[in-house]
Amino acid sequence: MSLFSSRIHIVIIRTGFFFCCVLSVILLHAQGNQKRLALVIGNGDYRHGASLRNPVNDAGLMAATLQELGFEVILQKDAGRIQIAQAVADFWSRLSEYDVALFYYAGHGVQIDGINYLIPVDAELKDKNMVAFEAISVNDIVSKFDYYTDNTNIIILDACRHNPFRAWTRGNERGFVAMKPASGTLIAFATSEGETADDGAGNHGLYTEKLVQQMKMPQSVESVFKNTRREVESASNYRQSPQEWTKLVGDFYFLPSQDMSPGEPLPPEIGTPESILEYGSIQLTTELTGQLYLDGNPLTPITANTRVPVNKVTAGPHTLELRGEENWSRHIHIAKDQTLELTIEKKALPPTDNKPAGVDYGIEMVFVQGGTFTMGCTGEQGSDCEDDEKPAHQVTLSDYYIGKYEVTVGQFKQFIDATGYRTDAEKGGGSYLWNGKKWEIKESVTWRCNAEGNTRPVSENGHPVIHVSWNDATEYCKWLSRQTGKNYRLPTEAEWEYAARSRGKAYKYSWGNGGPSGNIADESAKKVFSDWSVWKGYDDGYVYTAPVGKFNANDLGLHDMSGNVWEWCSDWYGALYYSASPVSNPWGPSDGTHRVVRGGSWGDGPRGCRVSSRSRGTPDLRYDGNGFRLAMDSE
């Protein structure tokens, strides 16, 4: 929303304020008479897997809170499969008698082949094939809500704490996948799709502790979860970010009307406009002169080589433009109470022949002719597709260039030596290594190190740089652009997949549909990590990273698009983005918490190295298997 339109919005809200207040009181009174039912389960004392300290405490806290808020509660603690099944059957049989139904679970949970499962305390899961028989499908539990779309249905899953059966495959901590709710239903997860949640250092898990605090406040259910997310992100330093998917059709407040005296303020959504609109600001430094626009609406003229503040910008996505001696635009996201620092720079001069010179600072670029292709879970991917690869959809791309190789240690060293830049690993306590059993962060590990955490010799300058974050990769792009007069950047996710498929071919891997030709989890890795899922019978000769270009290129002449290192893309990650992706040159969601990585690595088996496989990481994430390659517009 622009500054101009927000002023109109305020007038409209104030004009209808009295009506909103009256309507709010009516709604709250009606909700005080609602019949509310909840099934609450907390599992911590697992007999055949890692126990958890807090889920039983969390279930007790949630049950007590819900009872205070007018719910009739069915409570199960440390429940086996039969106990859960009986409780669910009881819950189901009573849904028609209630206006609001809530299901809460805390404990272990896993997803297998796109289905989320809750793990009973008596489950004995020797391998993932037993999950469907020993665990409880979340899909089955919530399926009954499809028949009660006029009610308010809420599912809360604090169940992504970690996979207690890690021996199945390296890194199988992907947590739960997103679920599409039925009409009238909200589904809340303790953390982002595929991530794990904090079991808490005290007597309660972080998510549930923050959630019950918000449930006791006079605010809408949407605000309850939004404010819980803020509290959890802040307390976890953004390592944990709760998410919700909702198709609620009516208003709902956990706090019944009898708990609100007439003198108390109305819920924030019904109060003054200032409580509805959230603001941030922009601080601009400009090298250009022209007229500044926000979302197409004129703001102010600005002059080159000045600093310009733009205050009280509504929180959310916007488009900022400068129209003048040079046109400039940027998609931005404004956060509440935060100031976004931006520099409007003159365009770098294009190469004289409108194509990259053969080599710049060792960077070789390959021209990719644009076209239309099918992106995502295409037929040759078979049953290996994850839900976030669906639906397969048409994408049309313009011409562009992409790096022939991943950026190497030696190339990244040029950047560090020239600028003195400190990477996120150097500023923030190191990088993550896989120790054979779990991920652990090592303070001394930086971009100078290999996948074992040791400083690389000069002879390994031709290996891909690792232990670099998305932030580090974008800073490298900016520096190289300044040095060369070309506009280097990270590829979009669509550009990456189109190039990996050799201009959109029906390939499962970058090398095609046959046997591998790349550095992936193989028999060499199996000798070191015996429990890994590897490409059987294949040995590439490297346990960890290999020099870039060591293996055959794909049909476009690009090396290591499958394997070696995961590669950062420019896009924010969205699990459901493919359902709404534009056809022409998609750039991903307008905001998010994680950036996309593609291609698999030396530590990934066949499934992770497919051209449609997607993963993600927070912008400051760095570990032993992530790197990047460059892209550049053709114009």
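Which order do Tyr578, Tyr405 take by accessible area at a 1.4 Å probe, largest first? All intermediate terms of the calculation are to be shown ahead of the outcome.
Details: Tyr578 10, Tyr405 60 Å².
Descending accessible area places them as Tyr405, Tyr578.
How long is the gain from Asn203 to Ala64 if the chain were fully straight, where each residue apart is worth 0.36 nm and the alpha carbon distance is subtracted?
Length gained between Asn203 and Ala64: 48.5 nm.
HN-Hα J couplings of the range 218-233 from phi, Karplus 6.51/-1.76/1.60, θ = phi - 60°, integer Hz, Gly and Pro as x?
Working through the residues one at a time gives x, 8, 5, 4, 5, 5, 3, 6, 5, 6, 4, 4, 4, 5, 5, 4 Hz.
Over the range 434-520, give the accessible area per residue in Å² for a 1.4 Å probe, as an integer.
About 38 Å² of surface per residue is accessible.
So how far apart, in nm, are the two label points at Lys438 and Trp92 if each is 7 Å from Cα heading toward Cβ?
3.7
What is the local net charge at Leu248, summed over the other residues whose Cβ is closer than 12 Å to its Cβ (Lys, Arg +1; Asp, Glu -1)?
Overall, the nearby charge balance is -3.
Students often forget the sequence filter, so: which aspartates and glutamates lie under 12 Å Cα-Cα from Lys536 once same-chain residues fewer than 8 apart are removed?
List returned: Asp522, Glu523.
Long-range amide H contacts for Asp571: which residues qualify at under 5 Å (H placed 1.01 Å from N, peptide plane, sequence gap of 5 or more or a different chain)?
Glu493, Val596
Going through the range 43-108, which trypsin sites (Lys or Arg not before Pro) have at most 13 other Cβ atoms within 10 Å and a DSSP loop state?
Taking the range 43-108 and a limit of 13 other Cβ atoms within 10 Å, the loop trypsin sites (Lys or Arg not before Pro) found are Arg47.
In whole Hz, what ³J(HN,Hα) sequence does the range 59-68 give by Karplus (6.51, -1.76, 1.60; θ = phi - 60°), x for Gly and Pro?
Listing the rounded values in order: 5, x, 5, 5, 4, 5, 5, 5, 4, 4 Hz.
Between Thr149 and Arg307, how high is the FRET efficiency from 1/(1 + (r/R0)^6) when r is the Cβ-Cβ distance and R₀ = 45 Å? Nearest 0.05.
Result of the calculation: an efficiency of 0.25.
Quick one: go through the range 582-625 and flag any residue whose amide nitrogen is under 13 Å from the point 7 Å out along the Cα-to-Cβ line of Thr372.
583-585
Show me the trypsin sites (Lys or Arg not before Pro) within the range 408-504 that DSSP assigns to loop and that have at most 13 other Cβ atoms within 10 Å of their Cβ.
Arg422, Lys437, Lys438
From the gyration tensor of the Cα coordinates in the range 439-578, what semi-axes in whole Å does the equivalent ellipsoid have, largest first, with each one equal to sqrt(5λ)?
25, 23, 16
For the range 207-247, which trypsin sites (Lys or Arg not before Pro) are both in a DSSP coil and crowded by at most 10 other Cβ atoms within 10 Å?
Numbers: sites: Lys210, Lys216, Lys226, Arg229, Arg230, Arg239, Lys247; in loops: Lys216, Arg239, Lys247.
Here no loop site has a sparse enough neighbourhood.
Show Trp572, Trp587, Trp434, Trp496 ordered by accessible area, largest first, where the area counts protein heavy atoms only and the probe is 1.4 Å.
Solvent-accessible surface, decreasing: Trp587, Trp572, Trp434, Trp496.
Leaving ligands, DNA and RNA out of it, report the carbon-plus-sulfur percent of the accessible area of the range 544-584 at a 1.4 Å probe.
Percent of accessible area from carbon and sulfur atoms in the range 544-584: 53.
How would His48, His331, His467 rank on accessible area, largest to smallest, probe 1.4 Å? Let's see the in-between values first.
On the way: His48 95, His331 150, His467 0 Å².
Solvent-accessible surface, decreasing: His331, His48, His467.
The values are calculated or read from the model by the stated rules, or taken from the named source; none is laboratory data. Please read all numbers here as calculations on a predicted model, not as lab measurements. Note that we place each Cβ from the backbone using ideal geometry, even for glycine, and neighbour counts take in every protein chain shown. Accessible surface areas use protein heavy atoms only, side chains included; no ligands, DNA or RNA. Shrake-Rupley method; radii C 1.70, N 1.55, O 1.52, S 1.80 Å.
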